[in-house]
Amino acid sequence: MALLVRLAQEFVGGAHAHHLGAELDTIPSLVDALALALDAQIATIASEVAAARLLLFAGLGPNYAAAAFGAAKIKELSPIHALALPLEEYHHYRSQKAGDPLVLVVTDAASHGRALDTALVSQAVGGWTLAVVAEDLPEVASRVNHTVQVPSIRPELAALVSSIPLHLFAYHFAQARDALGLGYPGS
């Protein structure tokens, strides 16, 4: 993803591209620090839903890219179903049932209102929700089981950062499933 952003930066040029490139240069150290800071928290969270047979992921715009990545990692590491839904489609399909885990990715202001709606629906159906947020969203946090905060960065790069807790979640989820005897690709 970073290579595609860098390529786009070269084509666009100008001040915007320069600022984008400067922020892109900070991503590797940010990713390392974020992975270290969140690892233990994510391991605990993932173990809560290790017996799930379906995981849902939802996000809007660049957050949908991260949600799709999270679902793909779950399917890659665990023998269960995982679906990524654009945030709006979550509300049309009503896919989440009681007990189903949902990972909600909310890293931009454009997502806040619909993310709150999603958290409310998840709560109403008896779902379990983890929200990956880029800023403190108390109204969302009060409606979900867990929140994980990532640094706030420009939307063009947000998926690079919000994918880190999702990757950790998939890894620890698979480890927890294996510990329960529910299967793991390595066994």
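Taking residue 128 as meeting all but one of (1) in contact (Cβ under 8 Å) with a residue 60 or more places away in the chain; (2) at positive phi, write down the number of the exception.
Result: residue 128 fails condition (2) only.
Which ones in region 34-52 are open to solvent by 20 Å² or more (accessible area, probe 1.4 Å) and over 17 Å from residue 129 (Cβ atoms)?
35, 36, 37, 39, 40, 43
Restricting to region 101-128, give me the number of residues that are under 11 Å from the mean Cα position of the chain (by Cα) and either among the aliphatic types (A, V, I, L, M) or at pLDDT 95 or above (or both).
5
Only one of (1) in a loop (DSSP other than H, G, I, E, B); (2) more than 15 Å from residue 128 (Cα to Cα); (3) open to solvent by less than 20 Å² (accessible area, probe 1.4 Å) fails for residue 79. Which number is that?
Only one criterion in (1) in a loop (DSSP other than H, G, I, E, B); (2) more than 15 Å from residue 128 (Cα to Cα); (3) open to solvent by less than 20 Å² (accessible area, probe 1.4 Å) is unmet by residue 79, namely (3).
Just give me the residues in region 104-145 being under 21 Å from residue 54 (Cα atoms), β-branched (Val, Ile, Thr) and open to solvent by 10 Å² or more (accessible area, probe 1.4 Å), in sequence order.
Within region 104-145, 121, 125, 144 qualify.
Among 30, 55, which is modelled with pLDDT of 95 or more and either crowded, with 17+ Cβ neighbours inside 10 Å or within 28 Å of residue 154 (Cβ to Cβ) (or both)?
Values: 30 fails: modelled with pLDDT of 95 or more.
Exactly one residue qualifies, and that residue is 55.
The values are calculated or read from the model by the stated rules, or taken from the named source; none is laboratory data. For clarity, every value in this text was computed on a predicted model and none was experimentally measured. Methodologically, a virtual Cβ is constructed for each residue, glycine included, from the backbone with ideal geometry; neighbour enumeration extends over all protein chains shown. Only protein heavy atoms, including side chains, enter the accessible area calculation; ligands, DNA and RNA are left aside. Shrake-Rupley method; radii C 1.70, N 1.55, O 1.52, S 1.80 Å.
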